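Single-structure report; data block below.
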């Protein structure tokens with residue numbers, strides 16, 4: 001009888017020790033290669049800010065970023081919006097963001113009620129943008145973003161497993177009277193959406209609400 005009980009206990013211990021220990025947060029492919037504390041799904045809402053990597057910043061967060069009009073399109077059903085500095089766009093109709101399974105979701109304010117903004121693939125040389133259309137119950141956005149923990153005060157945004165190649169550039173579209181600065185991924189000299197020689201590198205930071 002005692003032998004049977006001991007054998008059962010040994011079997012249970014062996015079974016328990018065979019179960020792998022899960023460390024850090026569970027993330028998808030959009031966070032591959034980053035630290036364990038990085039995540040493709042945040043548990044908090046946040047705004048975005050651009051931290052200048054070449055000149056002094058006014059504060060630790062950087063320049064606030066909002067959704068502004070992007071390149072003119074030809075779709076009657078959806079428009080393209082880019083991530084702009086608040087200082088250059090002037091209004092904030094999408095007051096915060098969420099990150100779910102690698103998809104970045106701008107959240108509409110009262111002026112955009114009933115609309116949804118959905119990300120899509122970002123190619124090198126392109127503005128970071130969203131299609132804005134009637135809100136969908138089951139959207140299929142690109143799952144390409146990660147909130148990266150890189151030991152700075154704030155998590156930073158990555159796209160295509162890259163957190164180091166964002167810039168702010170002056171857009172060529174004339175939606176505003178003064179220059180509109182938009183976030184661009186890996187700026188290229190032959191781009192038509194923005195003026196290349198106005199670009200400067202930034203780190204895109206997530207500011208929790």
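Computed from the coordinates by the stated procedures, all read-outs in this text should not be read as laboratory data. What you see is a predicted model; the values in this text were computed from it and never measured. Ideal geometry is used to build each Cβ from the backbone, glycine not excepted, and the neighbour counts take in all protein chains shown.
Multiply the residue separation of residue 57 and residue 196 by 0.36 nm, subtract the distance between their alpha-carbon atoms, and state the gained length in nm to one decimal.
Numbers: separation 139, 0.36 × 139 = 50.04 nm, distance 2.18 nm.
Fully extending the segment from residue 57 to residue 196 adds 47.9 nm.
Here the translational diffusion coefficient of the stretch 26-208 follows from Stokes-Einstein with Rh set to the Kirkwood radius across Cα pairs; for 10 °C and 1.306 mPa s it amounts to 97 µm²/s.
Counting other C-beta atoms within 10 Å, which of 188, 153 has the fewest, and how do the rest follow?
Numbers: 188 16, 153 9.
Final ranking by Cβ density, sparse to dense: 153, 188.
Normalising the average separation of contacting C-alpha pairs (under 8 angstrom, six or more residues apart) by the number of residues puts the relative contact order of the stretch 26-208 at 26 percent.
Listing 31, 146, 169 from the residue with the fewest other Cβ atoms within 10 Å to the one with the most, what is the order?
Numbers: 31 25, 146 30, 169 22.
Sorted ascending by nearby Cβ count, the order is 169, 31, 146.
Net length available on complete extension from residue 120 to residue 177 is 17.7 nm, with 0.36 nm assigned per residue and the Cα-Cα distance removed.
Taking label points 7 Å from Cα along the Cα-to-Cβ direction, residue 186 and residue 135 give a separation of 3.5 nm.
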